[in-house]
Structures are given as C-alpha cells and as structure tokens.
Amino acid sequence: MAPKGGNQDKEEIWPYKITIGICAMHRKATSKPMRAIMKKLIECYGQWVDFFIFPEQVILNEPIENWPLCHCLVSFHSTEFPLEKAIAYVKLRKPYVINNLDRQYDLLDRRTVFKILSDNGIEHPRHGYVIRGRPNEPDTELVEHPDHIEVNGEVFNKPFVEKPISSEDHNVYIYYPSSVGGGSQRLFRKGTMSIKGKNVKSWHINNRSSWYSPKSEVRKEGSYIYEEFIPADGTDVKVYAVGPFYAHAEARKAPGLDGKVERDSDGKEVRYPVILSNKEKQIAKKIVLAFGQTVCGFDLLRANGKSYVCDVNGFSFVKTSTKYYEDTAKILGNQIVRHYAKTKNWRLPPDMPQPPILDLGLGDDPPMITTPSGKLAELRCVVAVIRHGDRTPKQKMKLVVTDERFFALFEKYDGYKKNEIKMKKPNQLMEVLELARALVSEKQVRRI
C-alpha cells in the first residue's frame, strides 16, 4: 500500500516516518481543534509521524485511485462528504483507520443508534418510531390526542421529544402538555433553522438554539423517532471520548430551556467542566467500542441519579480546551506509533511520550446532593464565607470629632496624604488616650 522506504533491520528503531492523512471536508479538516491537535501531535511525535490534509477538490472530484497515499487515515463523515468513496479508498489502499468508516453509516440513522445502545446495555430514553414513505418499510400507525400520542400502541405523554430519523436533520421539537400552555419548542442547529423544509442561515438566530411555537400538533410528513422527555434540570452534558480510556465532559444550558445561547466575552457558547461518574466513564468506553469510533462524541442527560445517552455524534472535538488537545494528540500519536511498531516488528522508540494515565472506573464518584426540588444533582463546588474565630471581637465606637488637636494628630501621621491613619503602636495609642482624657477632663471642668 502506501509509501515505503528503509529496511526492517531490528537494529533500526524507526526506518521511516508514518504518514497520517486527514480526509474530511475542508472546514472540518482545517478547524481550530484539528489544527491544535495535529500541531501538538507533531510536537510530541514528529520524529516518527507526519501528516497532510486531503484537498477537498480531490475528495469530491477525483477517483480514489488518484487520492494521495498515507499509512494512517483520519476520516469522518459530514455534510456533502462522499463516505462511500472514502470506504472504497480504504479497501483499495488498506491504511490503518482511526474511525471505522463503514460503521459511520450507523450514526446517520437514529434508530440504528438506539438499537446499538440497547444491544450494549446503555441507558437511553424510551422511544418509538413513526415511518412514512420510506422504501421497503411499511408506514407506522400514529394516533394523536391533545396530551399524548400512540405509536404502534405505545403511549407517549407530553412532554415528549420528536426527532427526525436522519441524524443529519437537527430540527428537533419538544411538545408540551395543555396544563402548561401547550405548544412546542423547536430546536435547530445554532445559526440554521428549517423553514418549510429548507435550512435557512441568518445572523439574527446565531444567539438562539430554539424558538417557541404555539402549535401543539406533531408533524404529519416524514419519519420521526419519539422519545420520552427526560427532565435534566436545564442542562445537558456533552462527552468527548478519545479511545476507550479517555473522556472529557462539558455541560451547557439545554437548548430547549428558553432557546437563548449563553456566550462568553469571546462569543463562544458557555460550557462548564463536568466530572464523569464511574458509570458514565464505562458508558464512554462502551460507546467507543460499540460504534467502532476512536474519536467519538455523545450527549448525556442526567436525571434522578441516572445517566441517559440521547444522541451519538461520531467524530467530534471539544471547541476550546488546550488540555483536551494535548491529551488527544498524545493518545492518537501513541496509538499510531504502537500499531506500526507491532505490525512492522519495529522497536518502540524509548523516548516516545506516553499518553495521559486516566482513571476509567477506579476513582471515586463525584458527590451527589438532593436539590430543593427533590432531584439528585452533582455537587460541583462549595462556596463558603469564613472568618477566623481566634480573636476577641473588636470593641468599636465611631464618633465625629471637631477638636483641632485631633486634626493636628491626623496631620502628624501624614493623614492628609493617605486620607487615613492607622495607629497601632503603644506610643501612638497612648497619644490618643491622653487626648481623650484631656477632652473628658475639660468637659467636666466646664460643667462645674
């Protein structure tokens, strides 16, 4: 396959550099996270690996026989990416693949995602499917009532979630019961929303992730998955796994809460660091292995002491985290170097940087507390105002003075320069005491 060179003399530690090819749409391949990770990877493993990016015009327009050669392929699906061509390239050239390309088709159908989660014992929302107009699949019966629907005889009370079967369609609706006013919250990808079936981009929705509609009836065209609504205290957790033994997690305000996106001073969506429980770490490991995706993101909902996976996104990176970029670079670099050392019978470089040592299921769970609403929640921090108690409480008396001797004392210790004086030395305190005694004595003389 691919580039060759050197011999495999066991005395030679590393005969030639391993070439990593980034095969993805230009916007993804040159994104800030990808650039940061690859820069760090070359810093740590540049003696043994190198990388290049497949030109987008080559991916889209050239036959796979003309695609550049590489030893290791990092490739993932996104809008307009020709996944079938990438799969054919792998079969032709047989590079070492980081994320299984054939399995990425599983991520495009939400039904398949839920089935894989179910087969691997991973908690997920109760759900049902409505199929309409799909080839070789019978249409599903749906019966709609004011505050619930029946899907193949299974009842979903409002609130419930309606998602398109295709995971590339992000127009998700949440329907509310009449007891809270009815209507629906319509979620969309930030900066893009669907109007009459077409995705429309507009500047005025960049700071929104959903909008409220008074319409309470479910959509009558297209195929959808209906999920039981899981109350998660207004947040959802984004988990980013890199291999089975690493997972980074962040929380954000749930898009269905009020539709407003919280942003920081740099215009980035506000995210909060989250400590994963042992069970959640095991969920991350299961998802990586079950879906065949070394780099993989998924969404968690935490409710009543349980964690539910409501979506698996496939290849995705944390937007802003230097620590995550460094860890990901070391994990991928180490994995690639070790793979070729093993398959080519090369000696491992003795000075090769090691990946982060991570605890996946051995450490303590984060503390949980009961909120005023009665739900379990992760304790993130404790804020306390503490004052020492090893001093006698101060006995203070504040008064306004007009005697010129006080002003003279104020001037003596540069009070006019500092706008205050602090008198702590015994001789200074004695001056104040003597002045106070003199004033008291004078007052007493006047009364006589």
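Summary table
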{"quantity": "Burial order of peptide ranges 165-176, 402-413, 233-244 (average beta-carbon count within 10 Å, highest first)", "calculated": "233-244, 165-176, 402-413"}
{"quantity": "Net charge of Cβ neighbours under 9 Å - reference Phe156; Lys, Arg +1; Asp, Glu -1", "calculated": "-2"}
{"quantity": "Separation of the Lys94 and Asn66 label points, Cα + 7 Å toward Cβ, nm", "calculated": "2.6"}
{"quantity": "The range 15-161: Cα Rg divided by the 2.2 N^0.38 Å rule of thumb", "calculated": "1.45"}
{"quantity": "Carbon plus sulfur fraction of accessible area for the range 283-325, probe 1.4 Å, in percent", "calculated": "53"}
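The values are calculated or read from the model by the stated rules, or taken from the named source; none is laboratory data. Just so it is clear, the structure is predicted and the values come from calculations on it, not from any experiment. When we count neighbours, we look across all protein chains shown, and the Cβ atoms used for this are built from the backbone with ideal geometry, even at glycine. We work out accessible area using only protein heavy atoms, side chains counted, and drop any ligands, DNA or RNA first. Shrake-Rupley method; radii C 1.70, N 1.55, O 1.52, S 1.80 Å.
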